[in-house]
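J.: Questions regarding the structure given below will be posed in turn.
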Amino acid sequence: MTKSGLLTWLKMGFLPPIGAWVIRTLGWAIRIRTEGSESVDDLYRQGKRLIIAFWHGRQLMMPLAYRGTEAYILISQHRDGELIHQIVSRFGFQSVRGSTTRGGVPALRHLIRLGRAGVDLVVTPDGPKGPCQVAQVGAVQLAKATGLPIVPLTFSCSKKKSFAVGIIS
């Protein structure tokens, strides 16, 4: 086995369980406040499915933010995409592999079939190549073809208030 092959094997063998553990641990250790979930819950009560869209740079905690029961995530065919696939599969997500630069048309067709069959779809409309936080047309095309609403989802965090420590003399 070559050195790069060994590194890839180690990366794919160890990073997915560690990544999933980190996400779960962060979810347990931080206070999570959800805002605006009423409309999503209402759609689910009506038996509707969604296209969930979040910016590429906001993907870390998305496995914990999902409120549905079955989702397929569009993930790049790149090696980094394989790592993401391995991590999110530990949270019960399925993936469809493709992007605007490789395998996009077959992936879009597959997502359309899945959306019409009654599952949630998850996409990052800005993708890894950007431009950052500028939506490309894929999510809109997917919504038009499936009739599913696009629901934007994000995650952010802020530093907890801390108190200054001073020396009392």
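J.: Touching a residue at least 40 places away in the same chain (Cβ under 8 Å) and surrounded by 19 or more Cβ atoms within 10 Å (Cβ to Cβ), is that true of G98?
T.: Numbers: touching a residue at least 40 places away in the same chain (Cβ under 8 Å): no; surrounded by 19 or more Cβ atoms within 10 Å (Cβ to Cβ): yes.
Spelling it out, it is not the case that G98 is touching a residue at least 40 places away in the same chain (Cβ under 8 Å) and surrounded by 19 or more Cβ atoms within 10 Å (Cβ to Cβ).
J.: In this structure, does A53 turn out to be surrounded by 12 or more Cβ atoms within 10 Å (Cβ to Cβ), under 25 Å from S89 (Cβ atoms) and either of a type in the set (S, T, N, Q) or touching a Pro at 6+ places or on another chain (Cβ under 6 Å) (or both)? Before you say what the answer is, go through the steps one by one.
T.: Details: surrounded by 12 or more Cβ atoms within 10 Å (Cβ to Cβ): yes; under 25 Å from S89 (Cβ atoms): yes; either of a type in the set (S, T, N, Q) or touching a Pro at 6+ places or on another chain (Cβ under 6 Å) (or both): yes.
Yes; evaluated as a whole, the condition is true for this residue.
J.: Quick check, is Y72 out of contact with any helix residue (DSSP H, G or I) (no Cβ under 9 Å at 6 or more places or on another chain) and among the aromatic types (F, W, Y)?
T.: On the way: out of contact with any helix residue (DSSP H, G or I) (no Cβ under 9 Å at 6 or more places or on another chain): no; among the aromatic types (F, W, Y): yes.
In short, no.
J.: Would region 89-107 turn up any residue that is in a loop (DSSP other than H, G, I, E, B), modelled with pLDDT of 95 or more and more than 26 Å from R33 (Cβ to Cβ)?
T.: Looking through region 89-107, none of the residues is in a loop (DSSP other than H, G, I, E, B), modelled with pLDDT of 95 or more and more than 26 Å from R33 (Cβ to Cβ).
J.: Would a scan of region 122-129 turn up a residue that is closer than 23 Å to E38 by Cβ, among the aliphatic types (A, V, I, L, M), surrounded by 18 or more Cβ atoms within 10 Å (Cβ to Cβ) and touching a helix residue (DSSP H, G or I) at 6+ places or on another chain (Cβ under 6 Å)?
T.: Yes, because at least one residue in region 122-129 is closer than 23 Å to E38 by Cβ, among the aliphatic types (A, V, I, L, M), surrounded by 18 or more Cβ atoms within 10 Å (Cβ to Cβ) and touching a helix residue (DSSP H, G or I) at 6+ places or on another chain (Cβ under 6 Å).
J.: Could you say which residue among W55, W28 is touching a residue at least 24 places away in the same chain (Cβ under 8 Å) and of a type in the set (F, W, Y)? Quick ask: steps written out before the conclusion?
T.: Values: W28 fails: touching a residue at least 24 places away in the same chain (Cβ under 8 Å).
Going through W55, W28 in turn, just one is touching a residue at least 24 places away in the same chain (Cβ under 8 Å) and of a type in the set (F, W, Y): W55.
The values are calculated or read from the model by the stated rules, or taken from the named source; none is laboratory data. From a predicted model like this one, the values you see are computed outputs, not experimental measurements. Note that we place each Cβ from the backbone using ideal geometry, even for glycine, and neighbour counts take in every protein chain shown.
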